[in-house]
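The next block holds one structure in the form of structure tokens; read it before the comments.
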Amino acid sequence: MHLSSDDVIIWQHGFFRLNLTILTTWGLMLVMVVTSRLVTRRLSDGMRIPRLQGMLEVIVSTTGKQIEEVGLSHPEKYLGFLGTLFLFVALSNLCEIIPGYEPPTGSLSTTAALAICVFIAVPLFGIMESGLKSYLATYLDPTPLMLPFNIVGELSRTLALAIRLFGNIMSGSMVIAILLTITPFIFPVLMSMLDLLTGLVQAYIFTILATVYIAAATKAREE
Amino acid sequence: MLIDWFTVAAQIVNFLVLVWLLKRFLYAPILKALDAREKRIASELADAAEKQAQALAEREEYKNKIEELERQKAELLRNAAADAAALREKLMMEARSETEALREKHQKQLNDEYRSLTREIARRTQASVFAIAKKALADLAGADLEERITYVFVRRLKEMDARSGFPDRLIVKSAFELQPSLRASIEEAIRKFSGAEIVYEQDSGLFSGIELVAGGQKIAWSMGDYLGMLEQEVSALIRAGSGEEK
């Protein structure tokens, strides 16, 4: 038994190591991109639309609305990053229902990578929106004395993002694996159901937190 | 170690690639489609609103037109009724005058007929009476009617007294040619009261009579007198008859 799918090495050549996490991620990417491409290849802007297009439209428009509700007035600017974050994490977690599947989000490397992306994206969006000077000024709020705390806060919340998602998903997979060895019937099913819920909730939390951080960084200009 | 930094780097790259791919294949087309639909719906709504406004305006216009037509209809009906009344009055007047004219014409015709009938009756009566009287006198006396007439005339002459003032010329008019014997008896009777010249004239208008004209005086006997009386009586009878008919 292994704690992370990173440990499952499929192919290695020197520094380059193709592990299960990366392979699964590619699989998920392929599914998402191919599905999107298939649906958006023949988009209809009429009154009658195909079901899959309707589903994707609901996902995209709902994500946009959620971003707007958090406080970002132009959601289409952040939709690519935040929407992809949510879809990737959600799909990765929901696929847990497939037997033998190990979610990439159960790997601390993946969650850390996503958290690092957020960590970089927040100041980037902040600077893009309000300029370097006013963004850096937010670290001195409310007094310059708060600068170290703000920096620590920035780092710690990134760490928290990564650990929270990893912990939740990894523990879920782990619990199911342990339960399967103890009581192979009924209980793993219930736990799987609970895990699906947790997976979606975690995807939502991860995305919403990233949105809140970006909103906080871009707030300076809006104020 | 839970974190494999190569995997972290690979996942960062994977994620960024995924962001780019999804932006290209998912968000951009979907947002475009949503925008297009929104625009279409907005334009259709605007179009519908415009059409509704147009329809309302047209409804108002047609309403006004209908009211105008109703008003015109009422006016036309009023005018037509007035015209009809005037025409009826005119026609009635014409009919009345026509009737009056016809009635007058009819009355005139009746009067004419009455007059001609009266004349005809008088003429026929006269002829009949004359014929009857002639025949009766001939039958009864066994003598010529003219002689009887002359006899009656001579008797009347004889009844006259001799008086002065007669003109020098006396005219004896008769309806028939007086025989020399009859002329002799007439002359004899005249010579008793006058020695004037006697001229004989024939006048068919005397109706089997003889008359003596002397200046302003006249002595006569004529069937015409009787016929005149008879005519008057017949006329009175006919008038009485037509009065009853009316």
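The values are calculated or read from the model by the stated rules, or taken from the named source; none is laboratory data. Everything quoted here is computed from the prediction, not taken from an experiment. Note that we place each Cβ from the backbone using ideal geometry, even for glycine, and neighbour counts take in every protein chain shown. SASA here: full protein model, heavy atoms, side chains in, ligands and nucleic acids out. Shrake-Rupley method; radii C 1.70, N 1.55, O 1.52, S 1.80 Å.
General observations
- Hits in the range A:1-47 - residues which are among the basic types (Lys, Arg), facing chain B (nearest Cβ under 7 Å) and either within 30 Å of B:Ala42 (Cβ to Cβ) or not in a strand (DSSP E or B) (or both): A:Arg37
- One residue alone among A:Leu79, A:Leu91, A:Leu85 is assigned to a helix (DSSP H, G or I) and open to solvent by 30 Å² or more (accessible area, probe 1.4 Å), and that residue is A:Leu91.
- With a requirement of 3 or more residues that are open to solvent by 50 Å² or more (accessible area, probe 1.4 Å) and at pLDDT 80 or above, the strands (runs of 3 or more DSSP E) lying completely within the range B:136-246 that satisfy it span B:197-202.
Condition check ((1) open to solvent by 90 Å² or more (accessible area, probe 1.4 Å); (2) among the polar types (S, T, N, Q); (3) within 14 Å of chain A (Cβ to nearest Cβ)) across all residues:
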| site | (1), (2), (3) |
| --- | --- |
| B:Leu31 | no, no, yes |
| B:Asp35 | no, no, yes |
| B:Ala49 | no, no, no |
| B:Ala57 | no, no, no |
| B:Lys65 | yes, no, no |
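- Considering the range A:129-223, the qualifying helices (runs of 4 or more DSSP H), each wholly inside and each with 2 or more residues that are under 22 Å from the mean Cα position of the chain (by Cα) and within 14 Å of A:Thr111 (Cα to Cα), run over A:147-182, A:187-222.
- Annotation note: of A:Ile120, A:Ile116, A:Ile98, the sole residue that is within 10 Å of chain B (Cβ to nearest Cβ), open to solvent by 40 Å² or more (accessible area, probe 1.4 Å) and either among the aromatic types (Phe, Trp, Tyr) or closer than 21 Å to A:Leu3 by Cβ (or both) is A:Ile116.
- Scanning the range A:6-18 for any residue that is in contact (Cβ under 8 Å) with a residue 12 or more places away in the chain, open to solvent by 20 Å² or more (accessible area, probe 1.4 Å) and either in contact with a His (Cβ under 7 Å, 6 or more places away or on another chain) or among the basic types (Lys, Arg) (or both) turns up at least one such residue.
- Of all the listed residues (A:Ile59, A:Ile49), the sole one being under 16 Å from A:Ala203 (Cβ atoms), open to solvent by 10 Å² or more (accessible area, probe 1.4 Å) and without any contact (Cβ under 8 Å) to a residue 40 or more places away in the chain is A:Ile59.
- Identity of the residue in the range A:31-46, surrounded by fewer than 13 Cβ atoms within 10 Å (Cβ to Cβ) and within 20 Å of the chain's Cα centre (by Cα), that ends up nearest to A:Phe206 (Cα to Cα): A:Val31
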